[in-house]
Every structure is written in structure tokens, then in C-alpha cells.
Amino acid sequence: MTRAAPWALLLAAQLSLAAIALPALAGDAAFARYGVNRLNLAWLDRAEQERVLKEIADSGATHVRLSLSRPVEKSIDAVGIASRLGLRILLEIQLANKSYYADSVRPRSGQGRIWDINRLSDLDLDRYRLGLREALTRLDALGVRLEAVEPGNEINLAGYNGDLAVYPKPGQQTPRTVADLKDRAAFEEGLNRYIEVLRITRDEVRKSAKSSGGAIVSAGLSDMGAKEADRQGMERLDPAEVITLLRERGMDKHVDAYGIHIYPARKDPKAITSVVTKLLGFCEPSESGRPCWVTEWGIANTARTCPVDDRQREGAMAAMRSVFSDFAKTKRLDAAYYYDWDTQQSYRLWRCGTLSPAGALAIAPENN
């Protein structure tokens, strides 16, 4: 679907910057997916869903990452609206959905600092299959074709995986490897269960009438560092280690891509290039592994004034795009979805009633 894109006018004002940091931005056919996140639309009524998704579509975005979460019916409504507007959809399935767990299961405590959340090792695979099948059937009835499906989110971080511990008090050293986890056996059982989640997801997506060709992307992994985990008092593991553990369990048979999240703490382009290149080190062409999908990435801008001053963030955005483009050319990266459209104040792209200048750089497609 072709539409007039206001981002093009904004991007034109950044040509000198983009020419330096985004070589071959136009015409590089190796990379076709730049998108934006807008999760938790199930919490909005239909009119608000329509408004938000229309803003995204009218701003020139072509790809969007949405969530399948409770209430599921309203999540499906949002996906249907996005599809009608011509947006291509990556559907993230929230595995914390209590419908996927037995009624007797109790969540791990977040110690009053973060949310209580179920353990991945407790997930009921039959309930998951049934829930996914029902959702795909409803989406088929709406005529929705999913670009990709991503079961789970940040399963290497205690915030989204109850098999990882949240300490009563933050500040002490947290694990650096899987061997140091408080309950390694539970975490590894959760990984075993997750491999089955991937297998079921692939089976059910392939049976879908409309989305049978959709890519299967493994859960986007958190890039939280060890020192930040110490500060917050929660367990996490490096993405590369978790990818290795999942590959040892046969993940490559079930997925088309590995998911990863990237939130650089610094805005210096050289630092960004170094950090992002290291984080994407496990991304490989399909013949030797799997390419990555960056299902979340973001650069903070704490400014609250209108019009927004986005100059510092633009350089960081351009540096990110440059690294992404380099990885795409070697078939190690297939997609990147910016987080967030309009809800996370520091990271949001929609500012002062319009797409910000840095937002234009974040979502501009490399080929039209």
C-alpha cells in the first residue's frame, strides 16, 4: 500500500546527517523492515485504538509490532484495525497471560518493586496451543495476514520470566552466567518449555489460512547489563548466552529469526556502534544460524518542550540505522522496530502532536 508520508518532509531536513551515517539508505534492497512498537492496545477502547493506529499509518510507518494480551478480544480488534490500515504486523504473544497457566499456579513475587509474574516453567502447553489457535482463527476471519509472530518477551530477565529471581533488597551482585542462578533447574526447565512453545507456534501459524507464511521470531531478549541488574536487584542473563542455550535445545528448527532488544545508554555515535555491534554478535545468515529481528530499540530524549528539540537524538538514531544497515547487507539482520510510538515519555516518537525529526529517521524505510 502506497501512502503520502509526512516523514519524507522531515527526513529531507536531515539529508546531510543521513548521508554520512546511513550510506545506501535508498536502494539497499537487503533490508526492508523498519517499524514501530505500540503494545497494550487492548487497554484502549476501539475509538482510541483507531486513532493511535491511524496516526502511525498516516505518519508513513509501514510495519508495527502489536501484542496479543488480555483482554485478547480487544487485542485482536487492534490487529484488525492495523491490518485494515495497511500496516504489516509483527504479533508479540505475551506469555504472562494467565490463561496459559493452571488455576492453581501462583506467580513469583516481584518484591513490591516490579510486577508479580508467572514462571515460564509452569506454562501449560495445551492451554497455550488452544489460545493461540483460537486467536489465529479469529484473525483469519478478519482477513489479517501476520508478517511475523514473536512468542514471549525478554525471557532472559526477571521482569518477564518468573523463573528468574527478584531479590528482597537491590544492590547485591546478581548472576553473571546460568551457573550462578538461584534456581538454575527451574530456569532451564523454562527454556525446555519455551522450545515447545516455539514448536507449537510454528505448527499453528503454518496451519493458519492467512498467516501461514509468517516468520517465527524468538522472544526479544533484554540487553540489560549486569551492573544495572545489580542496582535493580533482579536476575538476568546476557542475550548471547541464552541464545546459545536455546540453540543447544534445537531452537533453529522452529524459528526464522532471533529476537533482541537494544537500548543504548549513551548517545555518542562511536559508542553506539561498538555496543550494538557487540550485542548483535550472535546474529547470522540463515545457512549458519538465524538472522536477528530487533523487536525493540530506543534512544531516550527527556525534553518536554514543544516543539521538541530532537537534535542530540538524531545523531544517535542515525548511528543505530547505520549499524542495522551494515548487518542487513550481510544478511544478519532482517528487521528493527522502534520502541515506543506514544506511551513511553522519554523514548516516544510521537511528540507535540506529530512525528519527531528523530522519529522520521527511526522508521524511514530503506526502499519504497
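The values are calculated or read from the model by the stated rules, or taken from the named source; none is laboratory data. Bear in mind the structure is a predicted one, so any value in this text is a computation, not a measurement. We place every Cβ from the backbone using ideal geometry, glycine too, and count neighbours over all the protein chains shown. Note: areas computed on protein heavy atoms with side chains; ligands, DNA, RNA excluded. Shrake-Rupley method; radii C 1.70, N 1.55, O 1.52, S 1.80 Å.
Using the Cα centre of region 157-284 as origin and beta-carbon charges of +1 (Lys, Arg) and -1 (Asp, Glu), tell me which of VAL178, TYR263, ALA158 is placed farthest towards the positive end of the dipole.
So the residue we want is TYR263.
On a straight-distance basis, which lysines could pair with LYS329 in a cross-link, Cα separation under 18 angstrom, same-chain partners fewer than 8 positions away excluded?
Partners found: LYS278.
In region 111-143, whose amide N lies under 16 Å from the spot 7 Å out along Cα-to-Cβ of LYS169? List them in ranges.
111-113
Relative contact order of region 125-194: what whole-number percent is it, with Cα pairs under 8 angstrom and at least 6 residues apart?
22 percent
Run the 1.4 Å probe and let me know the accessible area of LYS253, rounded to the nearest 10 Å².
Approximately 150 Å² of LYS253 is accessible to the 1.4 Å probe.
With each pseudo-label sitting 7 Å past Cα toward Cβ, what's the GLU196-SER212 distance in nm, one decimal?
About 2.7 nm, to one decimal.
Among all the lysines, which ones have a C-alpha under 17 Å from LYS182's C-alpha, if same-chain residues fewer than 8 places away are not counted?
Here the lysines satisfying the reach criterion relative to LYS182 are LYS169.
Identify, among SER67, SER83, VAL197, the residue whose Cα sits farthest towards the positive end of the charge dipole of the chain, taking +1 on the Cβ of Lys and Arg and -1 on the Cβ of Asp and Glu, with the dipole about the Cα centre.
So the residue we want is SER83.
Among 264-276, 127-139, 350-362, how do they line up by average Cβ neighbours within 10 Å per residue, starting with the highest?
Top of the packing list down: 350-362, 127-139, 264-276.
Provide the per residue accessible area, probe 1.4 Å, for the chain, rounded to a whole number of square angstrom.
42 Å²
What does DSSP give for the chain in terms of the percent of beta bridges that are antiparallel, rounded to the nearest 5?
Bridges in the chain that DSSP calls antiparallel: roughly 15 percent.
Whenever you get a sec, compute what percent of the accessible area on the chain sits on carbon and sulfur atoms (1.4 Å probe).
For the chain, the apolar C and S fraction of the accessible surface comes to 51 percent.
List the lysines whose alpha-carbon lies under 18 Å from that of LYS253, not counting same-chain residues fewer than 8 positions away?
Qualifying lysines at Cα under 18 Å: LYS207.
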